[in-house]
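Asker: Below you will find the structure I want to go over with you.
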Amino acid sequence: MLTGLSALPALAQPAGAGAAPPIFVLNSLDATVSLIDPLSWSERQRVAVGKEPHHLYLTPDEKSVIVANSAGDSLSFFDPRTGALQRTVYDIIDPYHLRFSPDMKWFVTAANRLNHVDVYRWNGKDLQLAQRIPTGKTPSHIWIDSRSTVAYVSMQDSDELIAVDLATQRIRWRVATGAMPADVFGLPGDKTLLVGLTGSDAVQVFDVSGPTPRETSRIVTGKGAHAFRSAGDGKSVFVSNRVANTISRIDLASLKVSATYAVPGGPDCMDVSADGKTLYVTSRWARKLSVIDLASGKLSRSVPVGRSPHGVWTLDHARR
């Protein structure tokens, strides 16, 4: 079991119990996490973590948000309500992207530099490696179906999507995709997957209901289609177009773009406020958190953060 602990320095003290939960922003090139106060829109705290934090995920019990430090081979656990660093787990090799299965039994990481996917067993506290699975080139993003049976992983540099059987930890199938597939998003019912094509200008749609996946359509969104975030309404999903400097809203019923928002600085990861009115976006090349008012469709403010901000998350979020 992996239970290594370490306390790391921070620039300020975590928020008190009465403060609003912070917005977490991962500064990949600075090896830090910025904690943004959603009331004053200022950086409340900057915490040092391992090298290259890219993505983060809430534990199933909602007691910790896990920051994956890919080049630091570690996971940093934070209190999602206060931003206090709880512990650091070491010997997690190259955790670029991460995801829990809905049944809380499995924890999966994609090793972006080292070309493998790791499947861990999770007992509610500790991780135990079940299998390290060699993959194609540059595994990027993970989606796990609602039944906790299959992990779908994109291969950024071999232009593939693979399906990993979680019970056996074996690859069920692989299929060719468009250029540089990144994030993967599953529609309700587990029959349809969306794949963002960062090397193109579209989202690829796959039918995965049968034994062999098949492409059914492509949704043109904008150059550098990259990351997804559910709008929280059960009807639509956002995709960031990193090169086009836009975000597209895709209607899940028609699988067509219903709205487009201009976001500067290479929009990357996103989160949505609990009331569904605000979209938080990391502007990767501008060192900022961009805040979009969804009613007007306009940029309402930007908050300076560290270098190459990537993942963004807050406890006060809309349904995922």
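Asker: Please work out the Cα center distance from the stretch 147-216 to the stretch 232-275, rounded to the nearest Å.
Answerer: 19 Å
Asker: To the nearest 10 square angstrom, how much accessible area does His317 have with a 1.4 angstrom probe?
Answerer: Result for His317: roughly 50 Å² accessible.
Asker: Another one. Computed from the coordinates I sent, Cα Rg over 2.2 N^0.38 Å equals one of (i) 1.09; (ii) 1.18; (iii) 0.92. Tell me the label.
Answerer: (iii)
Asker: Treating only the Cβ atoms of Lys and Arg (+1) and Asp and Glu (-1) as charged, compute the dipole magnitude of the chain about its Cα centre; round to the nearest 20 debye.
Answerer: Its charge dipole is roughly 260 debye.
Asker: Now a separate question. Name the aspartates and glutamates eligible as straight-distance cross-link partners of Lys223: C-alpha to C-alpha under 12 Å, and not fewer than 8 places from it in the same chain.
Answerer: Asp201
Asker: Which lysines have a Cα less than 19 Å from the Cα of Lys125, not counting those fewer than 8 places away in the same chain?
Answerer: Lys125 reaches Lys63, Lys105.
Asker: Could you please state how large a percent of the accessible area of the chain is carbon and sulfur, counting protein chains only and using a 1.4 Å probe?
Answerer: Accessible surface attributable to carbon and sulfur in the chain totals 50 percent.
Asker: Provide the net charge surrounding Ile93, with neighbours chosen by a C-beta distance below 14 Å and charges set as Lys +1, Arg +1, Asp -1, Glu -1.
Answerer: Around Ile93, the charge tally is -2.
Asker: A further question follows. Is there a quick way to get the dipole size of the stretch 165-276? I mean about its Cα centre, with the Cβ of Lys and Arg at +1 and of Asp and Glu at -1; what is the value in debye to the nearest 20?
Answerer: Computed about the Cα centre, the dipole is about 320 debye.
The values are calculated or read from the model by the stated rules, or taken from the named source; none is laboratory data. These numbers come from a predicted model, not from an experiment. Note that we place each Cβ from the backbone using ideal geometry, even for glycine, and neighbour counts take in every protein chain shown. What goes into the accessible areas is simple: the full protein's heavy atoms, side chains included, and nothing from ligands, DNA or RNA. Shrake-Rupley method; radii C 1.70, N 1.55, O 1.52, S 1.80 Å.
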